[in-house]
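Heads up: the structure comes next, in C-alpha coordinates.
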Amino acid sequence: MNKIKVSVAMATYNGSKYLKEQIDSILDQTHQIDELIISDDESNDDTLKIIKKYESNDKRVHLINGPKKGIKQNFANAIKNTTGDIIFLSDQDDVWMNNKVEKVLKEFEDNDCILVIHNADIVDENLNATTNDIFSWRRSGAGIMKNIFKNTYVGCCIAFKSELKEHILPIPDDIEMHDQWIGVLGNKYGNNIFLNDKLIKYRRHTNNSSSLHHHTINLMIRNRINFIKNYFRRTK
(Lines give C-alpha, C1' and ligand atoms only; values in the text may rest on other atoms or scores of the structure.)
Protein backbone atom coordinates (compact mmCIF):
# COMPACT_ATOMS: atom_id res chain seq x y z
CA MET A 1 0.00 0.00 0.00
CA ASN A 2 3.05 2.32 -0.19
CA LYS A 3 1.76 4.01 -3.37
CA ILE A 4 -1.70 4.60 -1.95
CA LYS A 5 -2.47 8.26 -1.24
CA VAL A 6 -4.06 8.67 2.19
CA SER A 7 -6.44 11.53 3.04
CA VAL A 8 -7.99 12.46 6.36
CA ALA A 9 -11.27 14.43 6.33
CA MET A 10 -11.92 16.36 9.55
CA ALA A 11 -14.83 18.62 10.45
CA THR A 12 -14.28 21.27 13.12
CA TYR A 13 -16.37 23.77 15.04
CA ASN A 14 -15.17 25.38 18.28
CA GLY A 15 -12.95 22.40 19.03
CA SER A 16 -9.88 24.16 20.38
CA LYS A 17 -9.84 22.32 23.72
CA TYR A 18 -8.81 18.94 22.31
CA LEU A 19 -7.86 19.75 18.71
CA LYS A 20 -4.07 19.92 19.05
CA GLU A 21 -3.90 16.50 20.69
CA GLN A 22 -6.00 15.03 17.89
CA ILE A 23 -4.04 16.62 15.04
CA ASP A 24 -0.73 15.54 16.59
CA SER A 25 -1.95 11.94 16.75
CA ILE A 26 -2.98 12.05 13.07
CA LEU A 27 0.27 13.52 11.84
CA ASP A 28 2.41 11.15 13.93
CA GLN A 29 1.42 7.83 12.33
CA THR A 30 3.67 4.86 11.58
CA HIS A 31 2.28 5.08 8.03
CA GLN A 32 2.21 8.77 7.18
CA ILE A 33 -0.88 10.43 5.78
CA ASP A 34 -0.63 12.57 2.63
CA GLU A 35 -3.20 15.23 3.47
CA LEU A 36 -5.38 16.38 6.33
CA ILE A 37 -8.36 18.33 4.99
CA ILE A 38 -10.04 20.34 7.76
CA SER A 39 -13.41 21.92 7.03
CA ASP A 40 -14.20 24.52 9.68
CA ASP A 41 -17.72 25.84 10.19
CA GLU A 42 -16.70 29.38 11.23
CA SER A 43 -15.35 28.60 14.70
CA ASN A 44 -15.20 31.55 17.09
CA ASP A 45 -12.76 30.09 19.63
CA ASP A 46 -9.06 29.34 19.00
CA THR A 47 -9.74 26.51 16.53
CA LEU A 48 -8.76 28.48 13.42
CA LYS A 49 -5.62 29.82 15.08
CA ILE A 50 -4.52 26.28 15.95
CA ILE A 51 -5.23 24.92 12.46
CA LYS A 52 -3.50 27.80 10.69
CA LYS A 53 -0.36 27.24 12.76
CA TYR A 54 -0.26 23.59 11.67
CA GLU A 55 -1.00 24.60 8.08
CA SER A 56 1.95 27.00 8.02
CA ASN A 57 4.34 24.33 9.36
CA ASP A 58 3.13 21.15 7.64
CA LYS A 59 2.23 21.03 3.94
CA ARG A 60 -0.13 18.10 4.58
CA VAL A 61 -2.60 20.26 6.54
CA HIS A 62 -5.21 22.19 4.52
CA LEU A 63 -7.90 24.42 6.04
CA ILE A 64 -11.08 25.05 4.02
CA ASN A 65 -14.20 27.02 4.79
CA GLY A 66 -17.17 24.96 5.90
CA PRO A 67 -20.69 25.41 4.50
CA LYS A 68 -22.12 26.41 7.90
CA LYS A 69 -24.95 23.88 7.56
CA GLY A 70 -24.14 21.58 10.48
CA ILE A 71 -21.87 18.61 11.06
CA LYS A 72 -23.17 16.40 8.21
CA GLN A 73 -22.49 18.99 5.53
CA ASN A 74 -19.24 20.04 7.17
CA PHE A 75 -18.00 16.47 6.83
CA ALA A 76 -19.39 16.26 3.29
CA ASN A 77 -17.36 19.37 2.43
CA ALA A 78 -14.17 17.87 3.86
CA ILE A 79 -14.74 14.58 2.00
CA LYS A 80 -15.48 16.38 -1.27
CA ASN A 81 -12.14 18.18 -1.09
CA THR A 82 -9.99 15.10 -0.46
CA THR A 83 -7.76 13.81 -3.26
CA GLY A 84 -6.57 10.52 -1.75
CA ASP A 85 -7.27 6.90 -2.67
CA ILE A 86 -8.26 6.03 0.91
CA ILE A 87 -10.20 8.54 3.01
CA PHE A 88 -10.19 8.44 6.81
CA LEU A 89 -12.79 10.37 8.79
CA SER A 90 -11.77 12.21 11.94
CA ASP A 91 -13.58 14.04 14.71
CA GLN A 92 -11.90 17.03 16.35
CA ASP A 93 -11.58 15.63 19.86
CA ASP A 94 -10.37 12.01 19.80
CA VAL A 95 -6.85 10.55 19.85
CA TRP A 96 -5.56 8.09 17.25
CA MET A 97 -3.29 5.18 18.10
CA ASN A 98 -0.08 5.71 16.15
CA ASN A 99 -0.56 2.53 14.08
CA LYS A 100 -4.18 3.24 13.07
CA VAL A 101 -3.46 4.12 9.43
CA GLU A 102 -1.03 1.22 9.05
CA LYS A 103 -3.53 -1.30 10.47
CA VAL A 104 -6.46 -0.05 8.39
CA LEU A 105 -4.47 0.04 5.14
CA LYS A 106 -3.44 -3.57 5.77
CA GLU A 107 -7.14 -4.51 5.87
CA PHE A 108 -7.71 -2.85 2.49
CA GLU A 109 -4.66 -4.66 1.14
CA ASP A 110 -5.70 -8.09 2.44
CA ASN A 111 -9.44 -7.92 1.74
CA ASP A 112 -11.72 -7.10 -1.16
CA CYS A 113 -13.49 -4.26 0.59
CA ILE A 114 -14.62 -0.69 0.01
CA LEU A 115 -14.83 0.37 3.67
CA VAL A 116 -13.12 -0.50 6.95
CA ILE A 117 -14.48 0.37 10.38
CA HIS A 118 -12.37 -0.39 13.45
CA ASN A 119 -13.16 -0.65 17.15
CA ALA A 120 -12.33 2.03 19.72
CA ASP A 121 -12.03 2.57 23.46
CA ILE A 122 -14.67 4.92 24.87
CA VAL A 123 -12.97 7.40 27.21
CA ASP A 124 -13.84 10.50 29.20
CA GLU A 125 -12.44 13.97 28.52
CA ASN A 126 -9.20 13.01 30.30
CA LEU A 127 -8.83 9.82 28.21
CA ASN A 128 -9.79 7.51 31.08
CA ALA A 129 -11.74 4.40 30.05
CA THR A 130 -15.42 4.78 30.98
CA THR A 131 -17.51 1.96 29.53
CA ASN A 132 -17.63 -0.67 26.77
CA ASP A 133 -15.73 -0.37 23.54
CA ILE A 134 -17.56 0.94 20.45
CA PHE A 135 -18.35 -2.47 18.94
CA SER A 136 -19.82 -3.78 22.20
CA TRP A 137 -21.84 -0.62 22.76
CA ARG A 138 -23.22 -0.52 19.21
CA ARG A 139 -23.35 -4.31 18.68
CA SER A 140 -21.53 -3.53 15.49
CA GLY A 141 -21.76 -5.54 12.33
CA ALA A 142 -22.34 -5.34 8.59
CA GLY A 143 -25.71 -5.54 6.86
CA ILE A 144 -27.86 -2.95 5.13
CA MET A 145 -31.13 -3.67 6.93
CA LYS A 146 -29.36 -4.17 10.27
CA ASN A 147 -27.83 -0.71 10.05
CA ILE A 148 -30.95 1.00 8.74
CA PHE A 149 -32.88 -0.36 11.70
CA LYS A 150 -30.10 0.42 14.21
CA ASN A 151 -26.96 2.19 13.07
CA THR A 152 -23.71 0.56 14.20
CA TYR A 153 -21.35 2.80 12.22
CA VAL A 154 -19.31 5.48 14.01
CA GLY A 155 -17.78 7.99 11.62
CA CYS A 156 -14.49 8.59 13.41
CA CYS A 157 -13.70 4.87 13.06
CA ILE A 158 -14.39 4.71 9.31
CA ALA A 159 -12.08 4.72 6.29
CA PHE A 160 -13.22 4.10 2.73
CA LYS A 161 -12.01 4.00 -0.86
CA SER A 162 -12.42 7.20 -2.84
CA GLU A 163 -14.70 5.44 -5.35
CA LEU A 164 -17.42 5.55 -2.69
CA LYS A 165 -17.52 9.37 -2.88
CA GLU A 166 -19.66 9.33 -6.02
CA HIS A 167 -22.33 7.35 -4.17
CA ILE A 168 -22.36 9.12 -0.80
CA LEU A 169 -22.11 12.73 -2.05
CA PRO A 170 -24.10 14.83 -1.69
CA ILE A 171 -25.12 13.76 1.80
CA PRO A 172 -28.87 14.39 2.26
CA ASP A 173 -29.85 17.14 4.68
CA ASP A 174 -32.74 15.25 6.24
CA ILE A 175 -30.92 12.13 7.45
CA GLU A 176 -29.67 12.04 11.02
CA MET A 177 -25.92 11.54 10.60
CA HIS A 178 -23.30 10.99 7.91
CA ASP A 179 -21.77 7.84 9.39
CA GLN A 180 -24.85 5.64 8.90
CA TRP A 181 -25.20 6.97 5.33
CA ILE A 182 -21.59 6.19 4.45
CA GLY A 183 -21.61 2.78 6.11
CA VAL A 184 -24.85 1.56 4.52
CA LEU A 185 -23.89 2.78 1.04
CA GLY A 186 -20.50 1.14 1.50
CA ASN A 187 -22.31 -2.12 2.18
CA LYS A 188 -24.48 -1.53 -0.92
CA TYR A 189 -21.61 -0.93 -3.32
CA GLY A 190 -18.92 -3.15 -1.82
CA ASN A 191 -17.79 -5.14 1.20
CA ASN A 192 -17.39 -3.58 4.65
CA ILE A 193 -14.79 -4.96 7.06
CA PHE A 194 -15.27 -4.68 10.83
CA LEU A 195 -11.81 -4.67 12.43
CA ASN A 196 -11.87 -5.39 16.16
CA ASP A 197 -8.60 -3.56 16.89
CA LYS A 198 -9.17 -0.49 19.11
CA LEU A 199 -7.38 2.19 17.10
CA ILE A 200 -8.63 5.42 18.66
CA LYS A 201 -9.59 6.78 22.03
CA TYR A 202 -13.19 7.92 21.44
CA ARG A 203 -13.56 10.89 23.74
CA ARG A 204 -16.97 11.61 25.28
CA HIS A 205 -17.66 14.99 26.91
CA THR A 206 -20.42 17.57 27.30
CA ASN A 207 -19.81 19.18 23.89
CA ASN A 208 -19.96 16.03 21.74
CA SER A 209 -22.07 16.27 18.57
CA SER A 210 -23.37 12.71 19.01
CA SER A 211 -24.96 11.17 22.07
CA LEU A 212 -24.70 7.86 23.90
CA HIS A 213 -28.41 8.07 24.70
CA HIS A 214 -31.40 6.87 22.64
CA HIS A 215 -33.82 9.19 20.87
CA THR A 216 -37.57 9.10 21.46
CA ILE A 217 -39.53 6.46 19.56
CA ASN A 218 -41.19 9.04 17.31
CA LEU A 219 -37.87 10.61 16.37
CA MET A 220 -36.27 7.20 15.74
CA ILE A 221 -39.14 6.25 13.40
CA ARG A 222 -38.93 9.54 11.54
CA ASN A 223 -35.15 9.23 11.14
CA ARG A 224 -35.49 5.71 9.70
CA ILE A 225 -38.21 6.75 7.27
CA ASN A 226 -36.10 9.67 6.04
CA PHE A 227 -33.08 7.41 5.69
CA ILE A 228 -34.97 4.75 3.73
CA LYS A 229 -36.48 7.35 1.37
CA ASN A 230 -33.05 8.83 0.65
CA TYR A 231 -31.42 5.41 0.34
CA PHE A 232 -33.84 4.18 -2.32
CA ARG A 233 -33.76 7.52 -4.11
CA ARG A 234 -29.95 7.36 -4.29
CA THR A 235 -29.65 3.66 -5.24
CA LYS A 236 -32.50 3.24 -7.73
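Residues in the range 34-54 that are outside any helix (DSSP H, G or I), over 23 Å from VAL104 (Cα atoms) and out of contact with any helix residue (DSSP H, G or I) (no Cβ under 8 Å at 6 or more places or on another chain): GLU42, ASN44. Only one entry in SER140, SER162 is farther than 24 Å from ILE26 by Cα, of a type in the set (Ser, Thr, Tyr) and modelled with pLDDT of 95 or more, namely SER140.
The condition (being acidic (Asp, Glu), surrounded by 17 or more Cβ atoms within 10 Å (Cβ to Cβ) and on the phi < 0 side of the Ramachandran plot) is satisfied by just one residue among ASP58, ASP93, ASP34, ASP110: ASP93.
Entry remark, the range 158-207: residues being within 16 Å of ASN81 (Cα to Cα), of a type in the set (Asp, Glu) and in contact with a His (Cβ under 8 Å, 6 or more places away or on another chain) number 0 in total. Evaluating HIS31 against the criteria (1) more than 28 Å from ASP197 (Cα to Cα); (2) touching a helix residue (DSSP H, G or I) at 6+ places or on another chain (Cβ under 6 Å); (3) part of a loop (DSSP other than H, G, I, E, B) leaves one unmet condition, (1).
Taking the criterion of being closer than 16 Å to LYS52 by Cβ, surrounded by 15 or more Cβ atoms within 10 Å (Cβ to Cβ) and of a type in the set (D, E, K, R), the only residue of the range 2-30 that qualifies is LYS20. Exactly one residue out of GLY70, GLY15 is under 21 Å from VAL154 (Cα atoms) and without any contact (Cβ under 8 Å) to a residue 40 or more places away in the chain, and it is GLY70. The helices (runs of 4 or more DSSP H) found wholly in the range 132-236 and carrying at least 1 residues that are within 20 Å of GLY70 (Cβ to Cβ) occupy 165-168, 178-189, 217-235. Quick one: what pairs do we get from the range 18-31, first residue over 12 Å from VAL8 (Cα atoms) and free of Cβ contacts under 8 Å to residues at least 40 places away in the same chain, second among the hydrophobic types (A, V, I, L, M, F, W, C) and in a helix (DSSP H, G or I), C-beta under 7 Å, 6+ apart or different chains? Note: pairs meeting the criteria are LYS20/ILE50. Checking each residue in the range 103-131 for being part of a strand (DSSP E or B) and touching a helix residue (DSSP H, G or I) at 6+ places or on another chain (Cβ under 6 Å) picks out LEU115, VAL116, ILE117, HIS118, ASN119, ALA120.
The set of residues in the range 128-168 being surrounded by fewer than 18 Cβ atoms within 10 Å (Cβ to Cβ) and of a type in the set (A, V, I, L, M) consists of ALA129, ILE144, MET145, ILE148. Being buried (at least 17 other Cβ atoms within 10 Å of the Cβ) and among the polar types (S, T, N, Q): is that true of ASN191 here? No: the conditions fail for ASN191. Among the residues of this structure, ASN196 counts as one that is modelled with pLDDT of 95 or more, more than 16 Å from PHE75 (Cβ to Cβ) and surrounded by fewer than 17 Cβ atoms within 10 Å (Cβ to Cβ). Of all residues in the range 55-91, those being part of a helix (DSSP H, G or I), farther than 21 Å from VAL101 by Cα and not aliphatic (A, V, I, L, M) number 6.
The values are calculated or read from the model by the stated rules, or taken from the named source; none is laboratory data. Keep in mind that what you see is a predicted model, and the values were worked out from it rather than measured. Please note: Cβ atoms are built from the backbone with ideal geometry, for glycine as well, and neighbour counts cover all protein chains shown.
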